[in-house]
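Structure first, then comments.
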Number of protein chains: 2
Amino acid sequence: MHRRDLLRAAALFPAAAWLPRVPSVAEAGAIARPIPRAADDEAYWAEIRRQFLITDGIFMNTGTWGALPLPVLEAIEAHMRAFETVFHQVPFDVHAFRGQLATLVGVPPETLAFTRNTTEGMNVVARGLDLEPGDEILTTTQEHVGGRCCWELVAARHNLVLREFEPPVPAPSEDALFEAWTSAVGPRTRVLSISHIYFSTGAIQPVRRLAEWARARGIITVVDGAHPPGMIALDITDLGCDFYASSPHKWLLAPKGSGFLYVSPAWIDRLWPLVASGGWDDLALKGDRFDHVGTRNDSLLVGFQASLAFHNAIGTERIERRSRGLATRLDAGLRAQPLVRVVSPSAPEVRSAMVSFQVEGMAGTDVVRQLWTMGPVRVRHVAENNLDYVRLSTHVYNNPDEVDRVVGMVGEIARNQ
Amino acid sequence: MHRRDLLRAAALFPAAAWLPRVPSVAEAGAIARPIPRAADDEAYWAEIRRQFLITDGIFMNTGTWGALPLPVLEAIEAHMRAFETVFHQVPFDVHAFRGQLATLVGVPPETLAFTRNTTEGMNVVARGLDLEPGDEILTTTQEHVGGRCCWELVAARHNLVLREFEPPVPAPSEDALFEAWTSAVGPRTRVLSISHIYFSTGAIQPVRRLAEWARARGIITVVDGAHPPGMIALDITDLGCDFYASSPHKWLLAPKGSGFLYVSPAWIDRLWPLVASGGWDDLALKGDRFDHVGTRNDSLLVGFQASLAFHNAIGTERIERRSRGLATRLDAGLRAQPLVRVVSPSAPEVRSAMVSFQVEGMAGTDVVRQLWTMGPVRVRHVAENNLDYVRLSTHVYNNPDEVDRVVGMVGEIARNQ
């Protein structure tokens, strides 16, 4: 009914006549420019930087949420304003968009459902599996609450066991992480709940190897993939995990409240949806069974689609090279400062675009506060699980100069404490 | 961390200097005007009508979603644009807003949680109660999928019984509805799942009497309250139900994807959250236990707050008188047309601001299609549960002239079939 209305409206009125005039970003005091196709140099990245509204500071907390590119902001506003005319709405094809997203993350489209965030996706899985009393979920002491609390709840409610082990920090290598996991598995372990990239240190875990190992033993792998999409190249099918939950409002620069959940073909007909509405038990619907959650905000999905287009216009490979390259520069700079202890991996293949550190003798909150005063630099204090790290994220809107300035500030803070 | 950052940013920069320039609606081709305080006449309502972007048609489907007032649209855009500067964000106090919403709906603030919509709220309840195999949930054959499917799922998964009875249509009186419910209750009935206002016919159910009756018998009352907030005066505490789920993106004209759930004090410490994140088991948090759902879109909540302010500027009593008054005019007009059978109640105290009808000898889809061609008039076809109704909603942006024109069109459609 709704979709038909939209198509009918589109057919009735020629676009030019009915599309309401949307204020351009130029009118709003900022200029959206075409994304250049030039070489991967500072001029290119400076042009990319102009697509953002970030002003008067250094933003290094993409790990919490990414800033919206202007075309994304404009897409949301244009969709909302057209929608509110009622009779001049712009049709949005959620299935076409799902196909585009599926291409980015390497899965069949029908295995994806849209969520608000990783936390919701992880809860869909935890609440949707039929585990038995005594079954064990294994995870680590470095998890984000969004990936851990869902298991705490089902453990408390259904007499399951949630067991955590301490992974090596800093992670010395992929092998060390792999061995820490496999040696922690016990006879009742039914589920591995794995952060693809640790929110705490940015360490990249060997999900592909772990999923293969687990599959051979009948153990389910659930991945908290909040960070990878938009930061690193991702092929979820190749990873071979059973479930993958993500928050594209971080590195993919999608609107806040954007998420997706991958449910592998082996589980798509067996998992119970978290929110049941029309079609919840119609197995022919595949991923749509998890996507009928009542009225949500399509304008945000339109923005999500625009952020994917922005990402693709630059290219995954180029973005990954840039963001991880800046992190490598940041890592090297921080290690050269006295009293600074980097807790992120030193091996570049295990380190992502997040670098966490501590300053000897100082509380993390003090470091965060001083960076805010000196910059301002906006960073993340990791206080969860009794940790005390300062986390820096580097993305397409950052540059080497910002990295060097932040390294200089950290050195000064450490020396002057 | 996040909230502290915001406050810090607010302290660092004087507002005038840092607030990014947001395009006004005047620039966007529409004029937001102050809401007049004048008398309840057509000039007043014409001024209200100018606060909306609705163009080139008659919008009578508020029962699906309401159109956004311009100040709401502007509030969303201003918050988003400020947020994306990173260093010039406008703090949003979600607890203050919750207090304002609590005042509107007559509950203690700590009993409210924000959701996306009624469907989600109903699922929170269905999945959060510890029911026993064999326990029966009683509801009717006129429910919206968003209020029914959650029970279907838990019934299938946990061997509960979902039983439906057919309520009287058209509903002759409150007494008749009350008696239909109470006589349908059986010995194993544990839950009544009640639509406060039927999505299908707009009939208002006697929730207060039903809740009192049920409470005396240890039966839980769960209310699908998608429609009342923003349409009629609402005092949930006075209703005395255990749970109340709503979709303020309908009659309260909040952004799409706005919802709230009321959990009565008796249940606030006992219900399991649907999405578990930090604090899910901290009973001191009360409603916040259900509100920690990971990153969501605060700009939409800012819009929700603006829509509540818009509502309050007009006043609940005035809005209810207007929207129900238009429905009464519509009802009378439709009843005077040959071949038109109104399925909404004839008694004004049971009829809300939604009027549903059938045209003898015609499929509802044909009527809907012809109204679209002739108006366009945007209405709702109710095809669920093997029903075939055409539903019209009347709200603050409608007026007597629109009502009369639609009545005329329906008469013409019926005569010319």
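The values are calculated or read from the model by the stated rules, or taken from the named source; none is laboratory data. Keep in mind it's a predicted model, so treat the numbers as computed, not measured. Positions of Cβ are backbone-derived with ideal geometry, glycine not excepted, and every protein chain shown enters the neighbour counts. These accessible areas exclude ligands, DNA and RNA; they are computed on the full protein's heavy atoms, side chains included. Shrake-Rupley method; radii C 1.70, N 1.55, O 1.52, S 1.80 Å.
Odds and ends about this structure:
- For the stretch A:262-318, the set of residues classified as part of a loop (DSSP other than H, G, I, E, B) and of a type in the set (Asp, Glu) consists of A:ASP269, A:ASP281, A:ASP282, A:ASP291, listed by residue number.
- Failed criterion for A:ILE137 (all others in (1) part of a loop (DSSP other than H, G, I, E, B); (2) crowded, with 24+ Cβ neighbours inside 10 Å; (3) more than 22 Å from the chain's Cα centre (by Cα) hold): (1)
- Count - residues of the stretch B:274-307 that are over 21 Å from A:THR118 (Cα atoms), aliphatic (A, V, I, L, M) and within 12 Å of chain A (Cβ to nearest Cβ): 1
- Residues of the stretch B:63-102 satisfying the condition of being hydroxyl-bearing (Ser, Thr, Tyr) and closer than 22 Å to B:ILE48 by Cβ: B:THR64
- Restricting the stretch A:86-125 to residues that are part of a strand (DSSP E or B) and in contact with a helix residue (DSSP H, G or I) (Cβ under 6 Å, 6 or more places away or on another chain), the residue that is farthest from the other protein chains (Cβ to nearest Cβ) is A:LEU112.
- Filter result for A:LEU271 (away from chain B (no Cβ under 11 Å), within 12 Å of the chain's Cα centre (by Cα) and closer than 14 Å to A:LEU112 by Cβ): no
- Among the residues of the stretch B:240-255, those that are out of contact with any strand residue (DSSP E or B) (no Cβ under 6 Å at 6 or more places or on another chain) and surrounded by 24 or more Cβ atoms within 10 Å (Cβ to Cβ) comprise B:PRO248, B:HIS249, B:LYS250, B:TRP251, B:LEU252, B:LEU253, B:ALA254, B:PRO255.
- Contact annotation: residue pairs with Cβ atoms under 8 Å, 6 or more positions apart or on different chains, pairing a residue in the stretch B:130-157 that is closer than 18 Å to B:PHE199 by Cβ and within 7 Å of chain A (Cβ to nearest Cβ) with a partner that is of a type in the set (A, V, I, L, M) and open to solvent by 40 Å² or more (accessible area, probe 1.4 Å), are B:GLU152/B:LEU162.
- Given (1) without any contact (Cβ under 8 Å) to a residue 24 or more places away in the chain; (2) open to solvent by 10 Å² or more (accessible area, probe 1.4 Å), number of the condition B:GLU84 does not satisfy: (2)
- Once the stretch A:370-387 is narrowed to residues that are open to solvent by 20 Å² or more (accessible area, probe 1.4 Å) and more than 22 Å from the chain's Cα centre (by Cα), the residue that is farthest from the other protein chains (Cβ to nearest Cβ) is A:ASN386.
- Selection status of B:SER299, touching a strand residue (DSSP E or B) at 6+ places or on another chain (Cβ under 8 Å) and among the polar types (S, T, N, Q): no
- Matching residues in the stretch B:323-348 - criterion: being in a loop (DSSP other than H, G, I, E, B) and touching a helix residue (DSSP H, G or I) at 6+ places or on another chain (Cβ under 7 Å): B:GLN337, B:PRO338, B:LEU339, B:SER344, B:PRO348
- Positions within the stretch B:351-367 being in contact with a strand residue (DSSP E or B) (Cβ under 7 Å, 6 or more places away or on another chain), surrounded by fewer than 23 Cβ atoms within 10 Å (Cβ to Cβ) and not hydroxyl-bearing (Ser, Thr, Tyr), in sequence order: B:GLN358, B:GLU360, B:GLY364
- Checking the stretch B:171-180 against the condition returns no match, with no residue being open to solvent by less than 50 Å² (accessible area, probe 1.4 Å) and in a strand (DSSP E or B).
- Residue in the stretch A:321-336 that is closer than 30 Å to A:ALA75 by Cα, polar (S, T, N, Q) and in contact (Cβ under 8 Å) with a residue 24 or more places away in the chain present: yes
- Residues that are of a type outside the set (Gly, Ala, Ser) and farther than 17 Å from A:GLY186 by Cα, drawn from the stretch A:129-150: A:LEU129, A:ASP130, A:GLN142, A:GLU143, A:HIS144, A:VAL145, A:ARG148, A:CYS149, A:CYS150
- Identity of the residue in the stretch A:393-408, open to solvent by less than 10 Å² (accessible area, probe 1.4 Å) and touching a helix residue (DSSP H, G or I) at 6+ places or on another chain (Cβ under 6 Å), that ends up farthest from the other protein chains (Cβ to nearest Cβ): A:VAL403
- Scanning the stretch B:206-225 for residues that are open to solvent by 10 Å² or more (accessible area, probe 1.4 Å), in contact with a helix residue (DSSP H, G or I) (Cβ under 9 Å, 6 or more places away or on another chain) and part of a loop (DSSP other than H, G, I, E, B) yields one hit, B:ILE219.
- Flag for A:VAL390 being among the aliphatic types (A, V, I, L, M), under 30 Å from A:GLU47 (Cα atoms) and without any contact (Cβ under 8 Å) to a residue 60 or more places away in the chain: yes
- Checking B:ILE76, B:ILE58, B:ILE54 one by one, the residue that is within 13 Å of another protein chain (Cβ to nearest Cβ), at pLDDT 95 or above and surrounded by fewer than 22 Cβ atoms within 10 Å (Cβ to Cβ) is B:ILE54 and no other.
- Meets criteria (open to solvent by 10 Å² or more (accessible area, probe 1.4 Å), closer than 19 Å to B:SER246 by Cβ and within 20 Å of the chain's Cα centre (by Cα)) for B:GLY99: yes
- Meets criteria (open to solvent by less than 10 Å² (accessible area, probe 1.4 Å), under 11 Å from A:ILE413 (Cβ atoms), at pLDDT 95 or above and in a strand (DSSP E or B)) for A:VAL390: yes
- From the options A:LEU308, A:LEU300, residue that is among the hydrophobic types (A, V, I, L, M, F, W, C), open to solvent by less than 10 Å² (accessible area, probe 1.4 Å) and modelled with pLDDT of 95 or more: A:LEU308
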